[in-house]
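Structure first, commentary second.
Values in this text are rule-based calculations from the coordinates and carry no lab data. It should be emphasised that the depicted structure is a prediction, and the values quoted were computed from it without experimental measurement. Virtual Cβ from ideal backbone geometry, glycine too; neighbours counted across all protein chains shown.
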Amino acid sequence: MTEPIVRLQNVNKFFGDNHVIKNLDLDIEEGEFLTLLGPSGCGKTTILRMIAGFEDATSGVITVEGEHVEDKEAFERDVNTVFQSYALFPHMTVYDNIAYGLTVKKVPKPEIKERVREMLELVQLMGFEGRRPDMMSGGQKQRVAIARALINNPKVLLLDEPLGALDLQLRKQMQIELKRLQQKLNITFVYVTHDQEEAMTMSDRIAVMRGGVIEHLATPKEIYGRPKTRFVAGFIGESNLFSGTVASVEGDRAIVDTDVGRGMMPAEDFKPGDPVHLCVRPEVMQYSTQPVDGFTISGQVKNMIFVGSQYRTLLEQPGHPDVKINRVKVDNSYREGDVLYLHWALDDVTGIRAKEDSDGE
Amino acid sequence: MEGTVTKQRLSKRLRRKRAGRIGGNVFAILVYAFIYTPIAVMIIFSFNDQNNNYYWKGFTWRWYEKLFTHSDLMPYLVNTLIVAFFAVLLSLVIGVLGAVGLSRFEFKLKKMVSNSLYIPIVVPEVVLGISILMLYETAHFPLGLPAVILAHVTFSVPFVIIIMRGRLSGMDMSVEEASQDLGANRVVTFFRITLPLLIPGILSSAFMVLTLSIDDVIITNFVSGPYSTTLPVKILSMVKVGLKPEVNALTTLMVLVLVIGILVNQVVQSLLAKRAKTNTKVYF
């Protein structure tokens, strides 16, 4: 594997007494689409701003292409940013906005012209060069912001919730376009968002963050299928979580006593007595009207809802959040008030080792 | 039956609305009359064929003639304009930079610095005048035009900073970051991005300082020496011996210049806006 294009080592950031980034290590590989995903205040934007050079790390090392950037000003770094608010220059035309980076670098005019034309074609805005930003729609402004950043041939493009202000339709369309752009240009994208669906759609890897720490860094598939912490399981997609302790280990399977009954999971390296959270996604949660061997978790059908793309059944369990079951087809074999026994395949359950510090929420 | 009831109620409502509108218009006319009647009277009397402003005798151009041929008011007008020009220039430079500093950087005692801005505004002008005079005396700074200019800068800077700070706080800071992100250092960013975006604020600050400076009597009275008296100070001293319509003529001309200035400003602004909208430049 080649050297990462951006590397953060043991980075800490304080705003006053507020410890926003905690001992963070992150390697970003060349050409990948990496998303920093997390709720607001988790530090994702701060990381982006530290790479861009708008914030200084309180301690730690940041390198871009193996070069230390701590002493480099934002205007000396080979990375470019697409801002959440677009930050287009309102007193300039689209042409001058896109040309800005090359103009201040004193690139010859004919070359600038050629490059601006390429960029306008790339983001499909030919004919808009004479417009001012206030006469464009949100989606068009967004394209100008992207073209303005890309014209500098950055090694890394940083995107700070660039689609946040767009409506759902446009956002979905831009997600696909951004991914296409990234693959076509083969530039490293570091993307910040709080929208997990957006992260899933576009990313090669996702770093799920909470409280200044990366809780899980992996491919979207891995993060969904094998969440590393209870927070990740709850934040990415829907999940059913059961907390308990390992009762015994039998070969490749571990028996877990949860607060609502007994279940199973792959043994891995769990030992009897280990505290654990079981995570089962609603679409793979299985049920039957009879108890199943090895499982003693059950619930009463509270609600059956059609949510458009699928049917959802909610099972009530006293003192525990409702269990969710999602199916594409409706199952008429049970009705509200019936008791269903729950079970799952060993492949469909993730055992999350319970740690003191990530048990919140 | 039901239709007519609705109609009646509607027309009642409409009548009330109309009455309200008429009342509002009358009130607006009164307010404007209150503001502009004195100015109108002044203008009318500048054409009065009489040596004082007490009653109307007949129409004449003679005061305007006198103003341009052998008036003793001209040197005072020149003083006023010199003072205003330098007061605007200096307080803009200090005020704009100060506002940028106050809104973009964090430093110790920032709160104190920013709150102390209001002191020259709330302190009675007499007090400020005496203080500045005492300062000049202690420092052996000679009274005269430079002294007047500096005094005007003193009371104008806070206004400039307050106006500019409002502008700056309304400005999206990320455009400055975007400029740096694209490779422009702080100086280039200031001249290419920050300054152009601040032009409207700078213009309104300039007009503010211009009016403050041309208007000022009290502080100027303290610090102007024998040869640096400004027009308003002179006019005020003339009141004691009776105002000549010559003063009316001069002030009428000043109002005229002001009105033309405002009109030109509006025409230019709308032309610029129109040009921005119908940009026909060919780029490729």
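In table form, for the structure just shown:
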quantity: Kyte-Doolittle mean at least -0.5, axial Cα span of 20 Å or more - DSSP H helices of chain B; calculated: B:2-45, B:74-104, B:125-139, B:145-170, B:195-215, B:245-277
quantity: Violating pairs (Cα-Cα greater than 20 angstrom) within the set A:Lys324/A:Lys355; A:Lys228/A:Lys355; A:Lys155/A:Lys184; calculated: A:Lys324/A:Lys355
quantity: Burial ranking of peptide ranges A:185-195, B:150-160, B:118-128 (average Cβ count within 10 Å, highest at the top); calculated: B:150-160, A:185-195, B:118-128
quantity: Charge dipole (chain A, unit charges on Cβ, about Cα centre) - positive-most of A:Thr2, A:Leu166, A:Tyr287; calculated: A:Leu166
quantity: Angle between chain A longest axis and helix A:94-104 axis [Cα atoms, degrees, rounded to 10]; calculated: 70 degrees
quantity: Furthest towards positive pole of dipole, B:Val217, B:Val268, B:Thr229, structure part the stretch B:191-274, Cβ charges; calculated: B:Val268
quantity: For chain B: rounded, prolate or oblate by the Cα gyration tensor [a/c cutoff 1.5]; calculated: oblate
quantity: Global geometry of the protein assembly as shown, whether rounded, prolate or oblate, following the gyration tensor of its Cα atoms and the 1.5 cut on a/c; calculated: prolate
quantity: Prolate/oblate/rounded call for the stretch A:6-230, Cα gyration tensor, a/c under 1.5 rounded; calculated: prolate
quantity: Loop-resident sites, the stretch A:87-123, for trypsin sites (Lys or Arg not before Pro), counting at most 11 other Cβ within 10 Å (DSSP); calculated: A:Lys106
quantity: Assigned charges on the beta-carbon of Lys, Arg, Asp, Glu; chain B dipole about Cα centre (debye); calculated: 1760 debye
quantity: Charged-residue dipole, Cβ positions (Lys, Arg, Asp, Glu), the stretch B:74-243 about Cα centre, Debye nearest 20; calculated: 80 debye
quantity: Long-range HN-HN contacts of A:His216 with modeled amide H, under 5 Å; calculated: A:Val208
quantity: For the stretch B:16-95 versus the stretch A:88-121, the gap between their alpha-carbon centres in whole angstrom; calculated: 50 Å
quantity: Peptide ranges A:52-60, A:267-275, A:147-155 listed from the most packed, as the mean C-beta count within 10 angstrom indicates; calculated: A:147-155, A:52-60, A:267-275
quantity: Peptide-level mean, for B:181-193, of C-beta atoms on other protein chains within 10 Å; calculated: 6
quantity: Charge dipole of the protein assembly as shown about the Cα centre (unit charges at C-beta), most positive-ward option of A:Leu36, A:Leu178, A:Met135; calculated: A:Met135
quantity: Test item: B:169-180 mean partner chain Cβ contacts at 10 Å; calculated: 6
quantity: Packing-based ranking, highest mean first, of A:227-233, A:327-333 given that Cβ atoms within 10 Å are counted; calculated: A:227-233, A:327-333
quantity: Cα-centred dipole magnitude for chain A, charges only on beta-carbon of K, R (+1) and D, E (-1), debye, nearest 20; calculated: 1240 debye
quantity: Helix A:109-122 vs. chain A, principal-axis angle (Cα, 0 to 90°, nearest 10); calculated: 30 degrees
